[in-house]
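Trainee: Got a structure here, written out as structure tokens. Questions coming.
The values are calculated or read from the model by the stated rules, or taken from the named source; none is laboratory data. All values reported here derive from a predicted model rather than from experimental measurement. Note: ideal-geometry Cβ built from the backbone for every residue, glycine included; neighbour counts use all protein chains shown.
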Amino acid sequence: MFEIQNFSIGTFRQMEKLLKVEFLHEENIVHLFHSENENAETLDRIKYEKFREQIELNSTQIENIKDEYGATEIKNSGWINCELMLDAYRDYLIANNSFSIDDFKYDELEIKKDVFCYQNFEALNIIFCEGYQKNKNPFFENENIIPCKGDVLTLKHDNNGNKNILKRNGCFLIPTNKKSIKAGSTYLWNNDDEQVTESERNEIKNKVNNILSDEYEIINHQTAIRPTTKNREVIAKQHQQYKNMFMLNGLGTKGLSQAPYYANYISELIERE
Ligand SMILES: Cc1cc2nc3c(=O)[nH]c(=O)nc-3n(C[C@H](O)[C@H](O)[C@H](O)COP(=O)(O)OP(=O)(O)OC[C@H]3O[C@@H](n4cnc5c(N)ncnc54)[C@H](O)[C@@H]3O)c2cc1C
């Protein structure tokens with residue numbers, strides 16, 4: 001796992017240089033225990049060397065949080081400003097004449113001996129990365145994606161200078177600037193409904209109330225669908241018949257930490273071909 005994570009961090013740092021924007025923020029996670037039991041179990045696990053390297057027992061003191069059962073701090077963590085990264089990368093691709101905004105129509109793809117033809121484009125290779133909408137792809141029919149809906153709230157909150165990510169009982173709070181927090185998330189399996197709902201808003205709100213002890217205001221509510229697979233296996237593969245056709249999908253709940261590694265794997269497959 002560390003190999004995959006380190007590869008991703010290296011790739012994101014290279015992208016930041018290329019795009020001249022900073023979107024990767026390396027910050028520790030303050031893990032707030034939700035019970036005496038969890039505290040004791042964690043102390044037990046820390047006996048093992050590999051956990052000890054990752055965990056700081058004396059966590060940073062943060063104002064206005066509920067830490068009645070104590071906390072530890074997880075090192076080598078961070079968060080990515082996805083909007084900033086994706087906007088900057090899209091602008092870069094547009095400037096290099098490599099981006100087109102359209103629904104890909106599978107039945108318009110012509111497969112010739114050495115080339116793919118699609119509308120005005122010709123390409124030597126094609127990589128499908130459609131997220132949860134992969135199930136419409138007629139070329140990779142055996143791989144199944146299970147959609148998993150998840151919501152995120154944006155909160156207006158005075159973070160009192162705290163930059164650490166807060167986590168308790170499956171809920172994360174990421175301070176994105178001095179006055180703003182992203183809070184999530186929910187997991188609705190086999191659900192591809194892109195509408196936000198009151199029940200998920202309330203679920204996250206209740207979790208936030210278990211972490212913050214001061215005032216905040218919900219200023220945004222977003223939802224998206226994770227492309228998961230049955231055994232959490234990433235789909236990074238070549239088509240059995242068309243050797244220049246590939247798929248990258250099934251990144252599930254870990255798209256950011258895993259995508260660079262598996263994208264590189266596909267690019268190595270292409271070079272080998
Ligand atoms: C609430 C939430 C929290 C998350 N938290 C984390 C986290 O903390 N860490 C982490 O690593 N990951 C996290 N993830 C997971 C991460 O967002 C996903 O793993 C990642 O987005 C998957 O990337 P993807 O490119 O495969 O699919 P997507 O991001 O879904 O992108 C697929 C794209 O393909 C487009 N598309 C599909 N079909 C077509 C077509 N026919 N023509 C044209 N375009 C098409 C879609 O419109 C979409 O833009 C989270 C996800 C959610 C929902």
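Trainee: Which of the residues spanning region 102-131 are surrounded by fewer than 15 Cβ atoms within 10 Å (Cβ to Cβ) and either acidic (D, E) or not assigned by TED's automatic domain parsing to the domain that holds N244 (or both)?
Mentor: The answer is D102, D103, D107, E108, E110, D114, E122.
Trainee: Here's something else I'd like to know. Just one of N96, N64 is surrounded by 12 or more Cβ atoms within 10 Å (Cβ to Cβ), at pLDDT 90 or above and either out of contact with any Lys or Arg (no Cβ under 7 Å at 6 or more places or on another chain) or over 30 Å from V208 (Cβ atoms) (or both); which is it?
Mentor: Working: N96 fails: surrounded by 12 or more Cβ atoms within 10 Å (Cβ to Cβ).
Criteria check complete, one pass: N64.
Trainee: Can you tell me which residue among L166, L188 is farther than 26 Å from T229 by Cα and not small (G, A, S)? I'd like the intermediate steps shown before the answer.
Mentor: Numbers: L188 fails: farther than 26 Å from T229 by Cα.
Of L166, L188, the one residue that is farther than 26 Å from T229 by Cα and not small (G, A, S) is L166.
Trainee: Next question. Given (1) surrounded by 15 or more Cβ atoms within 10 Å (Cβ to Cβ); (2) modelled with pLDDT under 95; (3) within 13 Å of the ligand (Cβ to nearest atom), identify the lone condition not met by N81.
Mentor: (2)
Trainee: Which condition does F172 not pass, out of (1) under 30 Å from K112 (Cα atoms); (2) at pLDDT 95 or above, if it passes all the others?
Mentor: The number of the failed condition is (1).
Trainee: Residue pairs, Cβ under 7 Å, 6 or more apart or interchain, first in region 247-263 and among the aliphatic types (A, V, I, L, M), second within 6 Å of the ligand (Cβ to nearest atom). List them.
Mentor: Close Cβ pairs satisfying both conditions: L248/C129; L251/P227; A259/L251.
Trainee: Sticking with this structure for a sec: So which of L188, L155, L173 is surrounded by 12 or more Cβ atoms within 10 Å (Cβ to Cβ), more than 25 Å from L251 (Cβ to Cβ), within 20 Å of the chain's Cα centre (by Cα) and of a type in the set (A, V, I, L, M, F, W, C)? Don't jump to the end; show me each part of the working.
Mentor: Details: L188 fails: more than 25 Å from L251 (Cβ to Cβ); L173 fails: more than 25 Å from L251 (Cβ to Cβ).
Among L188, L155, L173, only L155 is surrounded by 12 or more Cβ atoms within 10 Å (Cβ to Cβ), more than 25 Å from L251 (Cβ to Cβ), within 20 Å of the chain's Cα centre (by Cα) and of a type in the set (A, V, I, L, M, F, W, C).
Trainee: Within region 22-53, count every residue that is buried (at least 16 other Cβ atoms within 10 Å of the Cβ) and under 22 Å from the mean Cα position of the chain (by Cα).
Mentor: Total satisfying the criteria: 7.
Trainee: Would you mention how many residues in region 26-56 are among the hydrophobic types (A, V, I, L, M, F, W, C) and farther than 27 Å from L256 by Cα? Spell out the reasoning first.
Mentor: Step one: filter region 26-56 for residues among the hydrophobic types (A, V, I, L, M, F, W, C), giving 29-30, 32-33, 40, 43, 46, 51, 55.
Among the residues that remain, those that are also farther than 27 Å from L256 by Cα are: 40, 43.
So the count comes out to 2.
Trainee: With respect to the numbered conditions (1) within 16 Å of I146 (Cβ to Cβ); (2) surrounded by 14 or more Cβ atoms within 10 Å (Cβ to Cβ); (3) out of contact with any Asp or Glu (no Cβ under 8 Å at 6 or more places or on another chain), which one is the sole condition not fulfilled by D193?
Mentor: Only one criterion is unmet by D193, namely (2).
Trainee: Filter region 23-57 down to the residues that are among the charged types (D, E, K, R) and free of Cβ contacts under 8 Å to residues at least 24 places away in the same chain, then identify the one that is nearest to Y69 (Cα to Cα).
Mentor: Of all residues in region 23-57, those among the charged types (D, E, K, R) come to 26-27, 36, 38, 41, 44-45, 47, 49-50, 52-53, 56.
If we keep only those that are free of Cβ contacts under 8 Å to residues at least 24 places away in the same chain too, we end up with 41, 44-45, 47, 49-50, 52-53.
Details: E41: 12, D44: 16, R45: 17, K47: 20, E49: 24, K50: 24, R52: 20, E53: 22 Å.
It comes out as E41.
Trainee: Here is a follow-up. Consider G150 against the criteria (1) in a strand (DSSP E or B); (2) over 23 Å from the mean Cα position of the chain (by Cα): it satisfies all of them except one. Which criterion is unmet?
Mentor: (2)
Trainee: Enumerate the strands (runs of 3 or more DSSP E) found wholly within region 203-273, keeping only those where 2 or more residues are surrounded by fewer than 18 Cβ atoms within 10 Å (Cβ to Cβ) and away from the ligand (no atom under 15 Å from the Cβ).
Mentor: Hits in region 203-273: 217-228.
Trainee: What are the residues in region 125-136 that are more than 8 Å from the ligand (Cβ to nearest atom), more than 23 Å from S185 (Cβ to Cβ) and outside any strand (DSSP E or B), if any?
Mentor: Looking only at region 125-136, we keep the residues that are more than 8 Å from the ligand (Cβ to nearest atom), and these are 125-128, 135.
Checking the rest, the ones that are also more than 23 Å from S185 (Cβ to Cβ) come to 125-128.
Residue satisfying the conditions is N125 alone.
Trainee: Same structure again: Check E22 against each of (1) in contact with an Asp or Glu (Cβ under 6 Å, 6 or more places away or on another chain); (2) part of a strand (DSSP E or B) and name the one condition it does not meet.
Mentor: Only one criterion in (1) in contact with an Asp or Glu (Cβ under 6 Å, 6 or more places away or on another chain); (2) part of a strand (DSSP E or B) is unmet by E22, namely (2).
Trainee: Assess whether I74 counts as being surrounded by 12 or more Cβ atoms within 10 Å (Cβ to Cβ) and away from the ligand (no atom under 16 Å from the Cβ). Break it down into steps so the answer makes sense when it comes.
Mentor: Values: surrounded by 12 or more Cβ atoms within 10 Å (Cβ to Cβ): yes; away from the ligand (no atom under 16 Å from the Cβ): no.
In short, no.
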